[in-house]
Amino acid sequence: MGQPVASRAAATPTVGKAMLNKYARAFFTRVLTPFAAFLIRRGVSPDTVTLLGTAGVIAGALVFYPRGEFFWGTVVITLFVFSDLVDGNMARQLGRSSRWGAFLDSTLDRVADGAIFGGFALWYAGNGNDNILCAVSIFCLASGQVVSYTKARGESIGLPVAVNGLVERAERLVVSLVAAGLAGLHKFGVPGIQYLLPIALWIVAVGSLVTLIQRVVTVRRESAEVEAAEAAEAPQENTSRGSEAAK
C-alpha cells in the first residue's frame, strides 16, 4: 500500500507511516534500501510492489479476521505494510514521480481499508455473533471512505479544506489494528483482552463521525468565503470595464 512517487513527504499518511514514527521509519528505510535496489535490478516496478502489498493486506484481513484469528491476521497485515516503505524507496531510487502512482496508491488504500473493516464485520456477523458491533464495523468502513472523499472532493473544486480532523485514516487503522492484534492474544490465554477490539471500533466510529462533521463544516465555510470574495470582486470588475469603455 504505497505510493510510487519520488517524494512521499506530502502524501496522505498511510498505514506504514502511522505505525512507524519518523525515527523508526528512517531506520527501516535504510534497512530496506538494499532490498528495494534488488527488486529494481530484477525488473520489479513500484506499482507491482503496491499491488502485492495491498493483496497481502486484503488476504490477512479477509482470511484471518472472519475466523476470529485477529493476532495472526494483524501480523500478516503488518508484514505487508512494509511494502509502503519499499515501493516509495524504489521510486526514489528510480527518480520517478507519477500521477498514476499517486492515484493507484490512494485507490488501493481505500480497498485495503474496506477489507480490514469488512473482515471485522464478517466476524461479528458470523461466529462473533454481535450485530451491533457488525454495524459499528460497517459504519467505520463507510465513514472512513466518506471522510477521505470529503477532502478529495473539496480540493477538486478548488478549496484548501484546511482541517485534518480528530481521526484521520492513519489513526483509524493504527487504533483498529493494534487493538485487533492484542485482542487476538485472548486465544493464547490472556484474559479480558478481547474487549479491546470492540472499544477500539467504537472509538474509531465516533472519531470518524466527528472528523466527517469537521470537514463538512470546513468545506461549507471555505465555500462561503470564496463565493463572498468573488461577489465582492464582481462589481469592481464591472466598474473597471465601464471606465475603460468611457475612454
So what is the calculated 222 nm ellipticity per residue for the chain, using -39500 (n - 2.57) for each DSSP H run with n of 4 or more, over all residues, to the nearest 500 deg cm²/dmol?
-> -25500 deg cm²/dmol
Nearest 10, in degrees from 0 to 90: the angle of helix 22-41 to the longest Cα principal axis of the chain is 80
Two-site label geometry, LEU166 and TYR195: point separation in nm, points 7 Å out along Cα→Cβ = 2.2
In whole angstrom, the spacing between the Cα centers of the range 88-140 and the range 30-51 equals 22
In nm, spacing of pseudo-spin labels at SER156 and GLU225 (7 Å Cα→C-beta vector) = 2.3
Accessible surface, the range 48-187, averaged per residue in Å² (probe 1.4 Å) = 44
Between the modelled labels at ILE132 and VAL217 (7 Å from Cα along Cα→Cβ) the distance in nm is 2.8
Dipole of the chain, positive end: most advanced residue of VAL76, VAL161, PRO34 [Cβ charges, Cα centre] = PRO34
For the chain, which whole-number percentage of the solvent-accessible area (1.4 Å probe, protein heavy atoms only) is attributable to carbon and sulfur atoms?
-> 65
To the nearest 10 degrees, the tilt of helix 169-183 (Cα long axis) against the first principal axis of the alpha carbons of the chain is 10
Lys/Arg +1, Asp/Glu -1 at C-beta; the chain dipole; positive extreme among SER223, THR150, GLY88 | GLY88
Working from Cα positions, state the angle (0 to 90°, nearest 10) between the long axis of helix 196-246 and the longest principal axis of the chain.
-> 10
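The values are calculated or read from the model by the stated rules, or taken from the named source; none is laboratory data. In this text, all values refer to a predicted model and were calculated from it rather than measured experimentally. Here Cβ is always computed from backbone atoms with ideal geometry, including for glycine, and neighbour counts include all displayed protein chains. Heavy atoms of the whole protein, side chains included, go into the accessibility calculation; ligands, DNA and RNA do not. Shrake-Rupley method; radii C 1.70, N 1.55, O 1.52, S 1.80 Å.
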